[in-house]
Amino acid sequence: DDLNLILTEANVHYAMGNIDKFKELLEFATEKDPKNAELQYNLGVIAADANDFDNAKKYYERAITLKPDYVDAYINLAVVILDPEVKIINEMNSLIDCNRASCLDDYNNLKIQKRELYVKAIPLIEKALEFNPNSLPLLKKMAEMLPAVERYDDEKKYKELIKSLEQ
């Protein structure tokens, strides 16, 4: 019944590559301590690693609810939301040289899908930046996404901040 022993055993299983047992022990630990944001976060990581993005989102959201300044949970939740981004961009790039009207329609639909991802992810990254305002990777991701949602003034601010931090 000792939570520390359960977590120690879970970490041993994780180190040995026994992810299923690690997850089982974390879930058991979560039952014992349902208000532990770290446990929720770790379950989110496991779910995301297994491409179980719905559960990953649920665990990250719980971690944020329990600990509203949990920067890594905001970041990982944004990462899960943005998972389809690379595929969408690759599909968009494959349509660039196509001159058919159907290609333009497909491209525009993909552009809308990418924008929708950004609309969901941007507030999470902004929240993470509230607690970690000088994170260059987060600032760069924001500067990259903001033009797609037509927030050009904010993009400019982020680029200026990036430039000042890189000097």
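The values are calculated or read from the model by the stated rules, or taken from the named source; none is laboratory data. Remember, predicted model here, so these are calculated numbers, not experimental data. No Cβ is skipped: glycine too gets one built from the backbone with ideal geometry, and neighbour counts run over all protein chains shown. The area values use the complete protein model at the heavy-atom level, side chains included, leaving out ligands, DNA and RNA. Shrake-Rupley method; radii C 1.70, N 1.55, O 1.52, S 1.80 Å.
Observations on the model:
- For LEU95 and LYS157, the FRET efficiency from 1/(1 + (r/R0)^6), where r spans their Cβ atoms and R0 equals 30 Å, is about 0.40.
- Within the shell of other residues whose beta carbon sits under 15 angstrom from the beta carbon of LYS159, the net charge comes to 0, with Lys and Arg scored +1 and Asp and Glu -1.
- Shape box of the chain [Cα atoms, principal axes, largest first, Å]: 64, 39, 26
- For segment 1-71: rounded, prolate or oblate by the Cα gyration tensor [a/c cutoff 1.5]: oblate
- Over the chain, Cα pairs under 8 Å with separation of 6+ residues give a relative contact order of 14 percent.
- Theoretical ellipticity at 222 nm over the chain - DSSP helices of four or more residues, -39500 (n - 2.57) apiece, nearest 500: -25500 deg cm²/dmol
- Solvent-accessible surface of the chain, taken per residue with a 1.4 Å probe and all protein chains present: 61 Å².
- Of interest is the spacing of the C-alpha centroids, which for segment 45-86 and segment 91-167 amounts to 19 Å.
- Mean separation of Cα pairs under 8 Å and 6 or more residues apart, divided by the residue count, gives segment 43-114 a relative contact order of 22 percent.
- Carbon/sulfur fraction of accessible area - segment 61-167, other protein chains in place, 1.4 Å, %: 51
- Counting only Cβ charges, +1 for Lys and Arg and -1 for Asp and Glu, the dipole size of segment 67-167 around its Cα centre is about 60 debye.
- Between LEU26, LEU95, LEU39, the GNM of the chain built on Cα springs shorter than 10 angstrom shows LEU95 fluctuating the most.
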